[in-house]
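The values are calculated or read from the model by the stated rules, or taken from the named source; none is laboratory data. Since this is a predicted model, take the numbers as computed values, not measurements. Here the Cβ positions follow ideal geometry from the backbone for every residue, glycine too, while neighbour counts run over all protein chains shown.
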Ligand code: DSN
């Protein structure tokens, strides 16, 4: 039976615009042929892609369900209501806003809900694992706010909670932000809550990286501790590219107004429908098994890399990602990224705490297991992946790149991402 759905027609695209059609195929091949270890990426499902490629992309719907500035919103209202209900149920949150276009947009709105330019915010330093939007000078967060930064302890490379407390007492921030993009260990949300309460700050947990592990019940949730949780929907969570915000009821009005009309205009209704599809996927037992395996794989990969002489920052990982210090093997992060790329292994150079190198060079790499776990790899495969990375980072003249790329292709052929028809 044919479906009445009017959606992506790749043959039509190929005829109309072979340049872009070729790029879509090229990107699909790139994803299929290599090992994808970017910690913030994943392979979303065909169901999510169907929602993204739908006519909901056409609809203007400024406002919120039942309170729009446009007619014709009955169908998109239902999609957003279903998505909000699923997010609240999945995370045990009092309120959810699925409209942020990205994690950065979610953070922008969350700050705007509580702060004005010139106010003080306290967040984790980017080179210690934080995020651009947590107070760096190049982003709105460091330009418009008086941003104070905490970091990790030099001896343990874990968050320095004493420093967080001291800085909070000294600076009385309006907002304390925790979370980031290169934190391999669990965050003690209870301690952050205690500090926020002591100084009267709002606690925002930027859970973009690990919210998928929370959804899968594989790590503790920040929801009981945070005033506001910001997130992306495309990392471990495995949904469409986008953002979202969860918060307590008392902040609902401020958050919703900060997202629209303060920070954004029309919501991307196709993306919101895709977020709803993904949230249903995350409610399934199979997703919980996936989230647990993501951590098992990240830990196996980290152990394998340590055996190759790459030092795990903070001694290892509790999550989906690891940071590796390459100084003992005499290779920079930039060199390692390029050498792995030549072998078909995609990862990123990353600053390590107290890094003597500039970020464009970096002393470390970041690896993550969300994508390889989606394609069905296990801890046994992670041992092979670690061995390939160990060889690739030492491949100074590129002599081994061809052989390594062949080994990568053989490995991914056993676990195809987006299997061929
Ligand atoms: N750029 C993302 C990451 O790779 O972690 C965070 O925004």
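Six or more apart or on different chains, Cβ atoms under 6 Å: show the pairs whose first residue is in the stretch 190-216 and over 29 Å from residue 98 (Cβ atoms) and whose second is buried (at least 19 other Cβ atoms within 10 Å of the Cβ) and modelled with pLDDT of 95 or more.
That search, which allows pairs on different chains as well, returns 195/164; 195/168; 199/168.
Answer with yes or no whether residue 335 is out of contact with any strand residue (DSSP E or B) (no Cβ under 8 Å at 6 or more places or on another chain), without any contact (Cβ under 8 Å) to a residue 60 or more places away in the chain and not in a helix (DSSP H, G or I).
Details: out of contact with any strand residue (DSSP E or B) (no Cβ under 8 Å at 6 or more places or on another chain): yes; without any contact (Cβ under 8 Å) to a residue 60 or more places away in the chain: yes; not in a helix (DSSP H, G or I): no.
Considered against the rule, which asks whether it is out of contact with any strand residue (DSSP E or B) (no Cβ under 8 Å at 6 or more places or on another chain), without any contact (Cβ under 8 Å) to a residue 60 or more places away in the chain and not in a helix (DSSP H, G or I), residue 335 comes out as no.
If we keep just the residues of the stretch 15-48 that are touching a residue at least 24 places away in the same chain (Cβ under 8 Å) and in a helix (DSSP H, G or I), which is nearest to the ligand (Cβ to nearest atom)? Give the derivation first.
Taking the stretch 15-48 first, the residues touching a residue at least 24 places away in the same chain (Cβ under 8 Å) are 28, 31-45, 47-48.
Checking which are in a helix (DSSP H, G or I) leaves us with 28, 31-33, 47-48.
Details: 28: 21, 31: 16, 32: 21, 33: 21, 47: 24, 48: 19 Å.
Here the answer is 31.
Cβ-Cβ distance below 7 Å, separation of 6 or more or different chains: which pairs start in the stretch 376-387 with a residue that is surrounded by fewer than 16 Cβ atoms within 10 Å (Cβ to Cβ) and end on one that is not in a helix (DSSP H, G or I)?
Between residues of the stretch 376-387 that are surrounded by fewer than 16 Cβ atoms within 10 Å (Cβ to Cβ) and residues that are not in a helix (DSSP H, G or I), the close pairs are 376/415.
For the stretch 361-369, indicate whether the set of residues that are surrounded by fewer than 17 Cβ atoms within 10 Å (Cβ to Cβ) and out of contact with any strand residue (DSSP E or B) (no Cβ under 9 Å at 6 or more places or on another chain) is non-empty. Lay out the reasoning, then the answer.
Residues of the stretch 361-369 surrounded by fewer than 17 Cβ atoms within 10 Å (Cβ to Cβ): 361.
If we keep only those that are out of contact with any strand residue (DSSP E or B) (no Cβ under 9 Å at 6 or more places or on another chain) as well, we get none.
Taking every residue of the stretch 361-369 in turn, none turns out to be surrounded by fewer than 17 Cβ atoms within 10 Å (Cβ to Cβ) and out of contact with any strand residue (DSSP E or B) (no Cβ under 9 Å at 6 or more places or on another chain).
Taking the stretch 347-366, which residues are within 12 Å of the ligand (Cβ to nearest atom) and part of a strand (DSSP E or B)?
Those that are within 12 Å of the ligand (Cβ to nearest atom) and part of a strand (DSSP E or B): 348, 349, 350, 366.
Of everything in the stretch 99-146, what is within 16 Å of the ligand (Cβ to nearest atom) and in a loop (DSSP other than H, G, I, E, B)? Give them in sequence order. Please lay out each step first, then the result.
Step one: filter the stretch 99-146 for residues within 16 Å of the ligand (Cβ to nearest atom), giving 100-111, 123-136, 138-142.
Result: 100, 101, 102, 125, 129, 130, 131, 135, 136, 138, 139.
Working carefully through the options 196, 149, 168, find the one that is modelled with pLDDT of 95 or more, more than 23 Å from the chain's Cα centre (by Cα), over 23 Å from residue 94 (Cα atoms) and crowded, with 19+ Cβ neighbours inside 10 Å. Show your work before the answer.
Details: 196 fails: over 23 Å from residue 94 (Cα atoms); 149 fails: more than 23 Å from the chain's Cα centre (by Cα).
Being modelled with pLDDT of 95 or more, more than 23 Å from the chain's Cα centre (by Cα), over 23 Å from residue 94 (Cα atoms) and crowded, with 19+ Cβ neighbours inside 10 Å holds for just one of 196, 149, 168, which is 168.
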